[in-house]
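> Got a structure for you, written out below as structure tokens; questions coming shortly.
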Amino acid sequence: MGNRLVLWIFLSALLFFLTMEATTIDPYKVLGVERNASQREIQKAFHKLSLQYHPDKNKNKGAQAKFSEINNAYDILSDEEKRKNYDTYGDEKGSPGFGAGSPGDHGGYTYFTNGGPGKNQFTYRPSDWQSMGGQGGSKSFSFSFGGPSGPSSFGFGMDDIFSNLFGGKPGGGGQFGGFSGSAGSQPGSQPGSRSSPVSISAISSQVYKKEIVDQGMTWLLLSYTPSLKGHQHVESIIKEVASSLQGALKIGNINCETEPSLCKDLGIYPRRMPRVFVYSYKVSERGSLVEYDGDWAAKPLKMFCQDHLPRFSKRVDLKHFESSTFTVHKLPSVVLLSTKKDTPVIWRVLSGLHHNHFLFYDAEVHEVSDPTVKKLGVDALPAIVGWLSNGEKHVIKAGITIKDMKSAINELSALLEGFEKKSKKAASSQAKKSPTGEKQIPLLTESNFDALCGEKTPVCIIGAFRSSKERKKLESILNTLSQKSLSRQQNSADGRDSISYTLLDASNKASFLNAFDKAGFKSLDKVLVAYKPRRGTFAAFEGEMTTEEVEGFIGSVLNGDIRFTKTRQKPVLK
């Protein structure tokens, strides 16, 4: 029955379209601007007209149709490529008349395109959906038909889908599903099916503290009062964004009439109009609310949300790869290998959800044949490689295949949780075998410097040596002390050490020590440096290197009993 209805609607619409004369509405005339208008002038005209014809404010006949025209015109003229295509061809898709092409993101509506056999698509505008009895003003209903050599049935090529999510090509790991191109569609939905609804949660003080604050998930929040006009329209835009980023963020609204204390405490009380915020992890590991002040449209709001997704993963260069980079803390480490130039969206989301349980890294690679990739035992991209807390390496997943963002996040989360359990089991087994819990003190290198002695580490203890004999002695002492519960030893907030221990080969890295001492401690065969990266200060221990003496020095450092000196310059490893 459902398939017959779909076929009937398509055939009726197709017949209607083929009997119509194609007309083109000039976007410049719709917005009332000159062809040489600046983006600022176009934006001003759009804001003025959209307020005038918004369906929530203008109940006159034809206002909704006019509002759609205004949005369509702004969508063309605010995009440099579409505007250039329109100026050249009279059509924003780059060809005269109705060109072929995938539906893409058109600010909440799409349209019919006819590009010949195997490249046809029809999509209702929101107003058409409403006239059919659908609910909500931002949903759409689409069909797409692609031949064997044309686009996929979802409106995107397979390469485009995979590149958007992880980077890479389908050849690296099987077949992939994708996203429907219409603005109201859901990831993973089948062609011709109605999108699953996206629910918006009512946020109370209790929910905010329990489910939002520092939980690692990005939230898109609307603050409003029922008396304010326009909040339903903004809510529909929020749902549309959540639909396209399903799994990457959650949405909620805060009614400031019923939750006045929450709105006051957060400083989000709306005055003349609703306000939209993102609970962001862009600035720091502690989440914070950032207000959105862009256009009330799905496309710019979606870009704003993507920009504020978690950034807990650190990008590394595999050319300077050393396993110690990923094994310098008690937490297990994971690194994503993909062809993306920037950290992929899915990996950013996962880093937020699991940042208290893993250290996240990612690296750009180009081919499986790359020696650095082969060295890790990876035979297909993209791939996730992990290191247990005991330093043991595992290829968690190679040749990752995905259907949609939400399912990919769920599946990869399950893999990470399994790897975390394996890491805890390995740590427990190691503790039983070695009562002293002895571990290897990492050698300080350019690639692991930020992890060991970066600004996130309050105190970095550096044991510098000039011979293998002195290295062995320092390593034994630091190994023993690293197992003791010294003051400020453990930072309970994120499970990382407040004090890190590392070794430095002074014979090869003599210039590094010049940041602390003009002569670089050349007269000493070994020296211990306590370095505070955030303050740029240090204290050096040059006495007899025994476990007791070094323990006393470190204890004094942590208790504030030793005077620190400003470094001559910022220490840099070359």
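> From largest to smallest, what semi-axes in whole angstrom does region 205-245 give when each is the square root of 5 times an eigenvalue of its alpha carbon gyration tensor?
With the √(5λ) rule applied to region 205-245, the semi-axes are 22, 16, 5 Å.
> What figure, in Å² to the nearest 10, do you get for the accessible area of residue 208 with a 1.4 Å probe and non-protein molecules left out?
For residue 208, solvent-accessible area is about 20 Å².
> In whole percent, what relative contact order does region 316-433 give with Cα contacts below 8 Å and a gap of six or more residues?
Relative contact order, region 316-433: 27 percent.
> Moving to a separate point now. Extent of region 316-433 along each principal axis, from alpha carbon coordinates, in Å, largest to smallest?
41, 33, 20
> Once fully extended, how much extra length lies between residue 370 and residue 407, figured as 0.36 nm per residue of separation less the alpha-carbon to alpha-carbon distance?
The residue 370-residue 407 span can extend by a further 10.4 nm.
> Which entries of 314/574; 209/340; 393/469; 239/406; 239/314; 375/397 show an alpha-carbon separation above 25 angstrom in the structure shown?
Violating the 25 Å Cα-Cα cut-off are 209/340; 393/469; 239/314.
> On the full set of protein chains, 1.4 Å probe, figure out the accessible area of residue 455 and give it in Å² to the nearest 10.
120 Å²
> Further, regarding this structure: In Å, the Kirkwood hydrodynamic radius of region 24-87 over pairs of distinct alpha carbons?
That comes to 11.9 Å for region 24-87.
> Okay, moving on. May I ask you to derive the FRET efficiency for residue 52 and residue 564 from their Cβ-Cβ distance with R0 = 56 Å, giving the value to the nearest 0.05?
0.30
> Also: Just to confirm, what accessible area per residue do you get for region 316-433 at 1.4 Å probe, in whole Å²?
Accessible area per residue, region 316-433: 45 Å².
> For region 509-574, take the alpha-carbon Rg, divide it by the Kirkwood Rh, and send me Rg/Rh.
That ratio equals 0.96.
> If I take the Cα coordinates of region 201-308 and project them onto the principal axes, what are the three extents in Å, biggest first?
Largest to smallest, the principal-axis extents are 31, 29, 21 Å.
> Kindly rank 472-480, 417-425 from highest to lowest mean number of other beta carbons found within 10 Å of each residue.
Put in order of decreasing packing, that is 472-480, 417-425.
> Using a 7 Å offset from the Cα along the Cα-to-Cβ direction at both residue 271 and residue 556, what is the distance between the two label points in nm, to one decimal?
Placing both labels 7 Å along Cα→Cβ, they lie 5.8 nm apart.
> Quick one: check the C-alpha center-to-center distance for region 24-76 versus region 379-416, whole angstrom.
46 Å
> So how far apart, in nm, are the two label points at residue 522 and residue 258 if each is 7 Å from Cα heading toward Cβ?
For the pair residue 522/residue 258, the computed spacing is 7.5 nm.
> Additional query: Can you give the FRET efficiency to the nearest 0.05 for residue 330 and residue 40, using r as the Cβ-Cβ distance and R₀ = 41 Å?
0.20
The values are calculated or read from the model by the stated rules, or taken from the named source; none is laboratory data. The structure displayed is predicted, hence computed values, not measured ones. Reconstructed Cβ throughout: ideal geometry from the backbone, glycine too, with neighbour counts over all protein chains shown. The area values use the complete protein model at the heavy-atom level, side chains included, leaving out ligands, DNA and RNA. Shrake-Rupley method; radii C 1.70, N 1.55, O 1.52, S 1.80 Å.
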